[in-house]
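Student: Sharing a structure here in structure tokens format.
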Amino acid sequence: MMLFTKTLLFRNIQNPVLMLLIFICISNSNVCADDGYRLWLKYERIPNAAVRTSYSKSFSFIAASGNSDILNNAAKELQTALNAMLGKQIPIVKTPVSNQRGIILTVSTGAAPGDGYAIQMQGANTVIAASKEAGVLYGSFALLRHLQQHLPLEKAAGQSSPKIQLRMLNHWDNPEGTIERGYAGSSLWKWYELPETVDPRYTDYARANASIGINGTVVNNVNASARFLTAEYMPKVAALAGVFRKYGIKTYLSIHFAAPKTLGGLKTSDPLDPEVRKWWAEKTKEIYRTIPDFGGFLVKANSEGEPGPQDYGRTHADGANMLAEALAPFNGVVIWRAFVYKADPAADRFKAAYEEFVPLDGKFAKNVIVQVKNGPIDFQPREPFSPLFGNMPATPLGMEFQLTQEYMGFATHWVYEAPLFKECLDADTYVNGKGSTVARIIDGSLHQYPLTCMAGVANTGSDRNWTGHPMAQANWYAFGRLAWDHTLSPEAIAREWTQLTLTTESKAVATIGDIMLRSREIYVDYNTPLGLSRPWTGSHYAPEPWQNRSSRPDWTAIYYHRADTLGLGFDRTATGSNALQQYRPEASRAWANAGTCPLPYLLWFHHVPWSQQLSSGRNLWDELCHRFYTGADSVLWMQKQWAGVSTSVDPAIHTDVSSRLVKQYNEALWWRDAWVLYLQTFSRKPIPAPYPKPGRTLQEVKESVNSYLMR
């Protein structure tokens, strides 16, 4: 039978190399390399016989108390995983089997709050109980996560509930299949095939999200096309929603604010116009007829050229409330992005969101969430927390992190983002005294928000391994785990992800974890040390600190770093833009004095003389050179550490990451040389010993960058 199957398969394959690879894989699955597709849901056979035997004795059946899609998927996931890990077939039954030990899935009122779950050892059985079916699914994945790490079964017992209600991925995917800021291939969504053809990969995407507690997906770009609201695209979106809901995931859409005019043929899109309000009400009803569990709208308005209520002299609250009114009968939510800033050469983009939104606090409808980027500028490798957090106590504020590495090396550089996420979440706003952390604001506990949200701009694409760089999968994973429980540490998440995805060998786990935890700081050192920022136009990839021409001043490099012969950095104290005034005094005090400001934020808030002595004992110029050079050289350390785990990691993945680390080192030198040679034209100081002079001129670096900017 196997030979017959192979024969039929090979008849349809013309490529002899592909034919050979398939033959090898079918003949001996152990030869096939891991391509990263399975993410952290690998479910490989447990090599330790004692652990495997212990688990086998505990799992002889899986019994579910209902027959819904979500419960069935929970049971099937457990069955698939346990069959693979234990090497035995475990049946799914309707009722527990007497005289045997197994897993019981049950929906029970009061078992755990919200989407939470409880794992209990009741007699001989392992019971996963929740108040909602989705909670049972989350509990099932939690049990499997525990078993994949080969931990004692009894230690799986406990209860867990998410701290954030809406745990979402924002996809910046376009109708033609491209992804804005996407570095892992094209869109996952094959719009031209939908709804007739539903790719099985959509199910695997939903499984991966549910496994880390993500319960919402915005399927299209915030720079939205009105096409997604048409009769052509609604069935396509509905087909995706049909897959997602089976895993407890709601579907959301980014909307084009001017759709009543561009799509509906109205003369205006004024949010206070009765005909416009009627148009949105009817369009919303149409959506819910097609997608009954539709989640709501994500909106980018009056930002970077996108239309919005200010086009008609209205406020953000006016625009959001119009949409909230249309969604309210269906319990839908408006997520209104606070990423707004005007093209004013005399202004500080840092202050823009605060100035526009704080006066509107309390004026938004109850089903509106204002979504705020973690920092005040734009997803930089390091930013202070946004001053909006803590300053809108009457308006639910959601967090927006970026998983896709727009400013962190695309899919070339290994950067583990959990330390960045935690740096923001743990920051203290002091708005209600010490301990008023950003995490306590977005989880609603500080201001009693009725709605809470954490969103991540997705880093997934059509690449077989989902995220381009294999190690970037950890950022998707870390986001989900922190959206569920923001008290988790980056160390714990790194260890967990590594054991689930790469290896359970203890020394290798420790080594990989060490690389992950240092990777972000290494990147910052050779890219934007001491608080430099660089959200300029161009490729967002190549170093271009000299860039001084754009359609607006705040899209140039020089706007941000302010390099001149006197020094470097953006003065945001009272002598400059006074952006520090937007924070509570207890929070801003640490940054207000250039002599005591923590070095990671120094140039965010101060224009510092080149010869200024810093707390490190070096002057500014020497410290910058030290960071640029040691940061780049640290990639060599990453290479060496990664080479040391070669026998513990799948060869294909190890080779892939190794090659990317070689590229990362070359590009780290590129960034180092660009910054050092450019800034040296202002500092007029020699590169300090023991660091060598770059082997290329500034002009040569500029020429190497130009190829990335060609159209």
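Student: With a point put 7 Å past each Cα toward its Cβ, work out how far ALA49 is from ALA365 in nm, to one decimal.
Tutor: The modelled label-to-label distance comes out at 6.5 nm.
Student: Taking a cut-off of 18 Å between Cα atoms, list the lysines near LYS685, but don't count ones fewer than 8 places away on the same chain.
Tutor: Correct list for LYS685: LYS693.
Student: Could you give me the percent of Cα pairs per 5 Å distance bin for segment 97-205, shortest bin first, beginning at zero and ending with the bin that holds the maximum distance?
Tutor: Reading upward from the zero bin: 2, 11, 15, 15, 12, 11, 12, 11, 7, 3, 1, 0.
Student: Note the full-extension length gain between GLU505 and LYS285 as 0.36 nm times their separation in residues minus their Cα-Cα distance, in nm to one decimal. Write down the numbers at each step before the final one.
Tutor: Working: separation 220, 0.36 × 220 = 79.20 nm, distance 5.37 nm.
Here the answer is 73.8 nm.
Student: Let me ask something else about it. In the neighborhood of ASN73, defined by Cβ-to-Cβ distances under 11 Å, what is the net charge if each Lys or Arg adds +1 and each Asp or Glu adds -1? Don't skip to the answer; put the middle values down first.
Tutor: On the way: positive: LYS76, ARG207, ARG245, LYS246; negative: ASP69, GLU77, GLU133.
Charge balance in the 11 Å sphere: +1.
Student: If you don't mind, another one. I'd like to know how segment 556-637 sits against the 2.2 N^0.38 Å rule of thumb: what's its Cα Rg over that expected value? Mind dumping the intermediate values first?
Tutor: Numbers: Rg = 13.8 Å, N = 82, 2.2 N^0.38 = 11.7 Å.
Ratio of Rg to 2.2 N^0.38 Å for segment 556-637: 1.17.
Student: Can you give the charge dipole size of segment 45-170 about its Cα centre, rounded to the nearest 20 debye, using +1 on the beta carbon of Lys and Arg and -1 on the beta carbon of Asp and Glu?
Tutor: On the way: 12 positive and 5 negative charges, 65 e Å.
For segment 45-170, the charge dipole is close to 320 debye.
Student: Next up: Aspartates and glutamates near LYS351 by alpha-carbon distance under 14 Å, same-chain residues fewer than 8 away left out - which ones?
Tutor: Straight-distance partners of LYS351: ASP378, GLU383, ASP554, ASP571.
Student: Over segment 576-641, what is the relative contact order in percent, taking alpha-carbon pairs closer than 8 angstrom and at least six residues apart? Let's see the in-between values first.
Tutor: Details: 34 pairs, mean separation 10.7, N = 66.
About 16 percent, as a whole number.
Student: Looking only at the chain, where both bridge partners belong to it, what percent of the DSSP beta bridges are antiparallel (to the nearest 5)? Write out the running numbers ahead of the final one.
Tutor: Numbers: 13 of 55 bridges.
Rounded to the nearest five, the antiparallel share is 25 percent.
Student: Sort 40-49, 413-422 by the packing proxy (mean of other Cβ within 10 Å over each peptide's residues), most packed first.
Tutor: Working: 40-49: 14.9, 413-422: 24.5.
Sorting 40-49, 413-422 by mean packing, highest first, produces 413-422, 40-49.
Student: If you don't mind, another one. Which of the peptides 187-198, 312-323, 431-442 is most tightly packed, and how do the rest follow, judged by the mean count of other Cβ atoms within 10 Å per residue? Walk me through the numbers on the way to the answer.
Tutor: On the way: 187-198: 16.3, 312-323: 21.7, 431-442: 19.4.
So the order, starting with the most tightly packed, is 312-323, 431-442, 187-198.
Student: Next question, about the same structure. Which one, ALA365, PRO393, GLN405, is farthest towards the positive end of the dipole of segment 361-486 when Lys and Arg carry +1 and Asp and Glu -1 on their Cβ?
Tutor: With unit charges placed on the Cβ atoms, the residue in question is ALA365.
Student: Report, in whole Å, the centroid distance computed from the Cα atoms of segment 180-236 and segment 55-102.
Tutor: Cα centres, segment 180-236 to segment 55-102: 31 Å.
Student: Could you rank the peptides 574-587, 592-605, 242-255, 133-146 by their average count of other C-beta atoms within 10 Å per residue, with the highest value first? Before the final figure, lay out each step's value.
Tutor: On the way: 574-587: 16.7, 592-605: 18.4, 242-255: 22.1, 133-146: 24.5.
Highest mean packing first, the order is 133-146, 242-255, 592-605, 574-587.
Student: Among ALA320, ALA84, MET168, whose Cα sits farthest toward the positive end of the charge dipole of the chain (+1 at Cβ of Lys/Arg, -1 at Cβ of Asp/Glu, about the Cα centre)?
Tutor: Sorting the options by dipole projection puts first ALA84.
Student: If you don't mind, another one. Roll a 1.4 angstrom probe over the protein heavy atoms and tell me the percent of accessible area of segment 615-711 that is carbon or sulfur.
Tutor: On segment 615-711, the fraction of accessible area on carbon and sulfur atoms equals 53 percent.
Student: Project the alpha carbons of segment 146-279 onto their principal axes and report the range along each, largest first, in whole Å.
Tutor: Its Cα atoms span 66, 33, 27 Å along the three principal axes.
Student: What FRET efficiency comes out for the pair SER445/ARG201, r = Cβ-Cβ distance, R0 = 41 Å, nearest 0.05?
Tutor: On the way: r = 37 Å, r/R0 = 0.91.
For R0 = 41 Å, the calculated efficiency reads 0.65.
Student: How large, in Å, is segment 273-334 by the Kirkwood hydrodynamic radius built from its alpha-carbon pairs? List each step's numbers first, then the result.
Tutor: Values: mean 1/r = 0.0821 Å⁻¹.
Computed over segment 273-334, the radius equals 12.2 Å.
Student: Using the Cα centre of segment 590-711 as the reference point, and only Cβ charges (+1 on K/R, -1 on D/E), how large is the resulting charge dipole? Debye, rounded to the nearest 20. Don't jump to the answer; show the numbers that get you there.
Tutor: Values: 12 positive and 9 negative charges, 57 e Å.
For segment 590-711, the charge dipole is close to 280 debye.
Student: Can I ask one more? Within the accessible area of segment 361-416, what % is carbon and sulfur when the probe is 1.4 Å and the other protein chains stay in place?
Tutor: About 51 percent, which is the carbon plus sulfur part of the accessible surface.
Student: Under a straight-distance cross-link criterion of Cα-Cα below 18 Å, which lysines are reachable from LYS507, leaving out those fewer than 8 residues away in the same chain?
Tutor: LYS640
Student: How long are the semi-axes of the equivalent ellipsoid of segment 343-398, defined as square roots of 5 times the Cα gyration tensor eigenvalues? Whole Å, largest first. Could you put the intermediate results ahead of the total?
Tutor: Numbers: eigenvalues 89, 39, 15 Å².
The equivalent ellipsoid of segment 343-398 has semi-axes of 21, 14, 9 Å.
Student: Right, something else. Counting other C-beta atoms within 10 Å, and keeping those with at most 15, which DSSP coil chymotrypsin sites (Phe, Trp or Tyr not before Pro) do you find in segment 258-295? Let's see the in-between values first.
Tutor: Details: sites: TRP279, TRP280, TYR288, PHE294; in loops: PHE294.
Listed in order of number, the matching sites amount to none.
Student: Starting from 0.36 nm per residue, how many nanometres of slack lie between ARG464 and ALA33 once their C-alpha separation is accounted for? Write out the running numbers ahead of the final one.
Tutor: Working: separation 431, 0.36 × 431 = 155.16 nm, distance 1.27 nm.
That pair, ARG464 and ALA33, stretches by 153.9 nm at full extension.
Student: What translational diffusion coefficient, in µm²/s and rounded to a whole number, does the Stokes-Einstein relation yield for segment 384-501 at 20 °C and a viscosity of 1.002 mPa s, taking the hydrodynamic radius as the Kirkwood radius over Cα pairs?
Tutor: Working: Rh = 15.1 Å.
In µm²/s, the coefficient is 142.
Student: Out of all Cα-Cα pairs in the chain, roughly what percent, to the nearest whole number, are more than 37 Å apart?
Tutor: Values: 106894 of 252405 pairs.
Considering the chain, 42 percent of its Cα-Cα pairs are separated by more than 37 Å.
Student: Could you tell me the center-to-center distance, by alpha carbons, between segment 505-560 and segment 376-406 in angstrom?
Tutor: Result: 17 Å between the Cα centres.
Student: Between the alpha-carbon centers of segment 253-280 and segment 625-671, tell me the distance in whole angstrom.
Tutor: One Cα centre to the other: 51 Å.
Student: Follow-up. Defining a contact as two alpha carbons under 8 Å apart and six or more residues distant in sequence, what relative contact order in percent does the chain show? Spell out each step's value before the answer.
Tutor: Numbers: 1348 pairs, mean separation 76.5, N = 711.
Relative contact order here is 11 percent.
Student: Follow-up. Is there a quick way to get the dipole size of the chain? I mean about its Cα centre, with the Cβ of Lys and Arg at +1 and of Asp and Glu at -1; what is the value in debye to the nearest 20? Please list the in-between numbers first.
Tutor: Details: 70 positive and 63 negative charges, 217 e Å.
With only Lys, Arg, Asp and Glu charged at Cβ, the dipole is about 1040 debye.
Student: Choose one of TRP189, PHE682, TYR526: the residue whose Cα lies farthest towards the positive end of the charge dipole of the chain (beta-carbon charges +1 Lys, Arg; -1 Asp, Glu; about the Cα centre).
Tutor: Looking along the dipole axis, the top candidate is TRP189.
Student: Of the cross-linked pairs LYS57/LYS94; LYS373/LYS702; LYS261/LYS363; LYS250/LYS422; LYS94/LYS163, which ones have a Cα-Cα span greater than 22 Å in the structure shown? List each step's numbers first, then the result.
Tutor: Working: LYS57/LYS94 20 Å; LYS373/LYS702 31 Å; LYS261/LYS363 26 Å; LYS250/LYS422 26 Å; LYS94/LYS163 33 Å.
Distance filter (> 22 Å) returns LYS373/LYS702; LYS261/LYS363; LYS250/LYS422; LYS94/LYS163.
Student: Hey, another quick one. So what is the calculated 222 nm ellipticity per residue for the chain, using -39500 (n - 2.57) for each DSSP H run with n of 4 or more, over all residues, to the nearest 500 deg cm²/dmol?
Tutor: Details: 22 runs with 271 residues, N = 711.
Counting only the DSSP helices, I get -12000 deg cm²/dmol.
Student: Could you compute the FRET efficiency for ALA643 and GLU355, with r as their C-beta to C-beta distance and R0 at 41 Å, rounded to 0.05? Walk me through the intermediate numbers first.
Tutor: Numbers: r = 50 Å, r/R0 = 1.23.
Efficiency, rounded to the nearest 0.05: 0.25.
Student: Please report Rg over Rh for segment 604-711, where both radii come from the alpha carbon positions and Rh follows the Kirkwood definition. Intermediate values should be presented prior to the final figure.
Tutor: Working: Rg = 17.2 Å, Rh = 16.0 Å.
Expressed as Rg/Rh, it is 1.07.
Student: Averaging sequence separations of C-alpha pairs under 8 Å and six or more residues apart, then dividing by the length of segment 548-682, give the relative contact order as a whole percent.
Tutor: Relative CO of segment 548-682 lands at 19 percent.
The values are calculated or read from the model by the stated rules, or taken from the named source; none is laboratory data. Note that the structure is a prediction, hence the values are computed from the model and not measured. Methodologically, a virtual Cβ is constructed for each residue, glycine included, from the backbone with ideal geometry; neighbour enumeration extends over all protein chains shown. The accessibility values were calculated without ligands, DNA or RNA, using every heavy atom of the protein model including side chains. Shrake-Rupley method; radii C 1.70, N 1.55, O 1.52, S 1.80 Å.
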